[in-house]
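Everything below concerns the one structure shown next.
The values are calculated or read from the model by the stated rules, or taken from the named source; none is laboratory data. What you see is a predicted model, and the numbers here were worked out from it, not measured in a lab. Note that we place each Cβ from the backbone using ideal geometry, even for glycine, and neighbour counts take in every protein chain shown.
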Amino acid sequence: MAKTLYLLGTLWLTLWISVAASADERDIDRSEFAVPGQPAWTALTPFEKQVIDQFTGPSAQQASADELLALFLVASGNVRSEADYHHYREQLLSFLASHDELIEAVSPRETGALLLRLMHRHFFSAGYDANQSAMAEILDTGVYNCISSALLYIVLAEYLGLNASGVIMPSHAFAQLMLDDGQIIEIETTSEDGFDVIRDPEFFARQAEQWFSERRLVVADYNDYESRRQISAAELGFENMWVQHISVDRMNYADRLRMAELKGLMQADDLVAQHNRLVYYYQEADYLKRHDEAAWTALMSRIDPYLAAWQTVSLFEQHRFTDRDTLLPMLLLQSHRAEWMLRNNEVEEGLGLAEALLAETPDQLRDAHVVRAGALQAIEQYYMSLAARHWENQQWGQVISVYHEYLGKDLESPSRSVFQANLEAAYLNSSRDYWQSEERDVAISLLEACIIRLPVAEQCHQRLQEMRQVLL
């Protein structure tokens, strides 16, 4: 009787990183995902694709007011069509058309100051809410916060021909204007009289605590202000794609996944954007591997070119991913990718990637053992599946070769004993067949090889003794 083939148990890897998502939350309709011709895994609309194209090309730094408006609306998360874009654009143009005094102002400085006052009186009817960071929601409800109001001010200023941009502090955002003479005017868009505010040491010593507390913000100090980032209008739009309105309690999983991907596609060199994108891709891969293997295969196929750019730890570190938690989702995805490659007969590449993950994953990395377990699982499932196909056809020589190839890698694994047991069984089966075919010398030599090449081969020892007794 042929010896039994022992199969490895399946190891499912689940890691909760950065953005927790429950299994129920990830149970979404993906039937329209991975659209041919699109760079994304999620289902993007033609309008969103148009915005991506605009802000990933060489003309991104010279975006018009219309293009900035499109970006800011996409960043709101719920504006996804050309029709909705035109609806909001008409609101802004109607506001500007109804205020001739903006056009008649004698200087950019006067225009900028007047714009802030009129904007508060026209748009901010429902008051301030620290969590209302979507610009589209201002136009729908009149509720605003620092970054949504800054975006609205910037796009209106751009329509008026002003040179507007953004400023980011650890817990705050505001706008600024650059005048023709190079002077920079800071605009606190949450306040009607916030034009040309002075944020000096005296402000932070006397007023900052009350001012930030009233807005339910972390109280900043002058050092925070000194380390502020002055960014372009487009960059402030990108920042707005991962703030309060994208939080778990305000946006569902499918939309958060889409927003992480949109931001990652448009900010290819931004490490935070890529981290969020990688986290959500891992959330997808982890869920789909357990619930929908066809969708898992489609996901890995779609993101393979992206992951190929981050294939090795050393390449990743060249891009200055100094935060080990940032490294983690990329390495976890690479272990998924290694298994996907092996299933798609990219054997050399898949084994090479999995072995690199085993060798190069930093010991200090949080959950390094999970990364290594995924890589090891990819290798072992490949060899076990390959051997099982040969086993089914009773191709014992190929089975023996496959198991020896695996064991020759000398991997530290609790499954090693399973491979050794299967290898001994393959030797026994092959020896039996040769014995029954009267090729007894070959049968005996196979058992001798089994004993020599395996650390423990009690059954081969026993069978060899039985054969030799028969030959006496």
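Summary table below
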read-out: Residue count for the stretch 452-465, restricted to those that are part of a helix (DSSP H, G or I), surrounded by fewer than 19 Cβ atoms within 10 Å (Cβ to Cβ) and either at pLDDT below 95 or not charged (D, E, K, R) (or both); value: 5
read-out: Whichever residue in the stretch 106-134 is in a loop (DSSP other than H, G, I, E, B) and not small (Gly, Ala, Ser) and, among such residues, is surrounded by the fewest Cβ atoms within 10 Å (Cβ to Cβ); value: VAL106
read-out: Matching helices (runs of 4 or more DSSP H) fully within the stretch 328-439 where at least 3 residues are surrounded by 14 or more Cβ atoms within 10 Å (Cβ to Cβ) and in the same structural domain as VAL456 (by TED's automatic domain parsing); value: 396-408, 416-436
read-out: From ARG89, ARG121, ARG80, residue being basic (Lys, Arg) and over 27 Å from MET266 (Cα atoms); value: ARG121
read-out: Flag for GLU239 being part of a helix (DSSP H, G or I), at pLDDT 90 or above and within 19 Å of LEU156 (Cβ to Cβ); value: yes
read-out: In the stretch 266-285, residue modelled with the highest pLDDT [restricted to those that are more than 21 Å from LYS49 (Cα to Cα) and out of contact with any helix residue (DSSP H, G or I) (no Cβ under 6 Å at 6 or more places or on another chain)]; value: GLN283
read-out: Complete set of residues in the stretch 22-73 that are under 19 Å from the mean Cα position of the chain (by Cα) and β-branched (Val, Ile, Thr); value: ILE28, VAL35, THR42, ILE52, THR56
read-out: Answer from GLU192, GLU186, GLU137 - the residue that is surrounded by 17 or more Cβ atoms within 10 Å (Cβ to Cβ), in contact with a helix residue (DSSP H, G or I) (Cβ under 9 Å, 6 or more places away or on another chain) and not polar (S, T, N, Q); value: GLU137
read-out: Candidate set from the stretch 206-228 (those that are surrounded by 13 or more Cβ atoms within 10 Å (Cβ to Cβ) and among the charged types (D, E, K, R)); member that is nearest to MET266 (Cα to Cα); value: ARG228
read-out: Enumeration of residues in the stretch 125-134 that are touching a helix residue (DSSP H, G or I) at 6+ places or on another chain (Cβ under 6 Å), without any contact (Cβ under 8 Å) to a residue 24 or more places away in the chain and under 12 Å from ARG215 (Cβ atoms); value: none
read-out: Identity of the residue in the stretch 55-105, among the aliphatic types (A, V, I, L, M) and without any contact (Cβ under 8 Å) to a residue 40 or more places away in the chain, that ends up surrounded by the most Cβ atoms within 10 Å (Cβ to Cβ); value: ALA70
read-out: VAL106, sole failed condition from (1) within 20 Å of LEU177 (Cα to Cα); (2) modelled with pLDDT of 95 or more; (3) among the aliphatic types (A, V, I, L, M); value: (2)
read-out: Test: LEU13 is at pLDDT below 90, touching a helix residue (DSSP H, G or I) at 6+ places or on another chain (Cβ under 6 Å) and surrounded by 11 or more Cβ atoms within 10 Å (Cβ to Cβ); value: yes
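The rows are residues; the columns are (1) at pLDDT 90 or above; (2) of a type in the set (A, V, I, L, M, F, W, C).
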residue	(1), (2)
ALA295	yes, yes
SER301	yes, no
PHE321	no, yes
LEU332	yes, yes
ARG337	yes, no
GLY374	yes, no
TYR383	yes, no
